[in-house]
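Every number in this text was worked out from the coordinates using simple rules, so none of it is lab data. Not measured: the values here are computed from a predicted model. Using ideal geometry, Cβ is built from the backbone for each residue, glycine included, and neighbour counts are taken over all protein chains shown.
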Amino acid sequence: NAGVTQTPKFQVLKTGQSMTLQCAQDMNHEYMSWYRQDPGMGLRLIHYSVGAGITDQGEVPNGYNVSRSTTEDFPLRLLSAAPSQTSVYFCASRGQNNQPQHFGDGTRLSIL
Amino acid sequence: GQQVMQIPQYQHVQEGEDFTTYCNSSTTLSNIQWYKQRPGGHPVFLIQLVKSGEVKKQKRLTFQFGEAKKNSSLHITATQTTDVGTYFCAGPRNQFYFGTGTSLTVIP
């Protein structure tokens, strides 16, 4: 099993550009989440999904969109990148009943 | 804002010293999870506590869940350089929300 796969690993964008961070899991997990990690701020939840076709906002959703058309994939879209979105982004998945979260390796995103 | 707060934010210890990080929630938690993130890596699950007053051990690591299920702690006995990293607690609401983390540096 590959677990949780995130692509790309690194990305540099210019302000105003858009892009999609990809996340895929092969564990048939219903729950998937996107977090961003900034120094001193821990992991902050952006959006999450409890199953295909269902998404909801976390703590810091502004500037990001998500969709969940399949159980396996949960892409995160930046509509118009801003320097404040420079961060490390982690995707995670888990099974039901508060099972442990499995994290991808992260995407390191810089916005100039 | 953050559902759970952790203290301290940073901790430097000499190798062999003990280390403790504390996690506090303003609301009662049904359970709490602990994760470790090595520098440059991703968070990795360590343990889950469910019962009030629960204590679990993993070798030199001792995890406690408070009686009121609003706080938790992780204690490492005789730290080693392999313990370096950031330790997070996470509490569930409709999804898991992470604490701010404690970054541990171990000085050889």
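Cross-link partners for B:Lys51 among the aspartates and glutamates, with Cα-Cα distance under 16 Å and sequence neighbours closer than 8 places in the same chain left out: B:Glu67. When the trypsin sites (Lys or Arg not before Pro) in the range A:26-112 are filtered for DSSP coil states and for at most 10 other beta-carbon atoms within 10 Å of their beta-carbon, no site remains. Restricted to Cα atoms, the range A:19-112 shows a radius of gyration and a Dmax of 12.5, 41 angstrom. Modelled spin labels at B:Asp18 and A:Asp56, positioned 7 Å past Cα toward Cβ, are 4.0 nm from each other. Derived scalar couplings between HN and Hα for the range B:65-78 equal 10, x, 4, 8, 6, 10, 8, 8, 9, 10, 10, 10, 8, 6 Hz in order, rounded to whole Hz, by the Karplus curve 6.51 cos²θ - 1.76 cosθ + 1.60 (θ = phi - 60°), x for Gly and Pro.
Restricting the GluC sites (Glu not before Pro) of the range B:1-56 to loop positions (DSSP other than H, G, I, E, B) with no more than 14 neighbouring Cβ atoms within 10 Å leaves B:Glu15, B:Glu17.
Take every Cα-Cα pair in the protein assembly as shown and report what % of them are more than 26 Å apart. Cα-Cα pairs in the protein assembly as shown separated by more than 26 Å: 36 percent.
Could you list the residues of the range B:54-96 with an amide nitrogen less than 15 Å from a label point located 7 Å from the Cα of B:Thr27 in the Cα-to-C-beta direction? Flagged as within label range: B:69-71, B:90-96.
Note on A:Ala2 and A:Thr20: the model spin-label points, each 7 Å out from Cα along the C-beta direction, lie 1.5 nm apart. Fewest-first ordering of B:Val13, A:Val66 by other beta carbons within 10 Å of each residue's beta carbon gives B:Val13, A:Val66. The Rg/Rh ratio of chain B, with both radii computed over alpha carbons and Rh defined as the Kirkwood radius, is 0.95. Each other residue within a Cβ distance under 13 Å of B:Leu61 adds +1 if Lys or Arg and -1 if Asp or Glu, for a net charge of +3.
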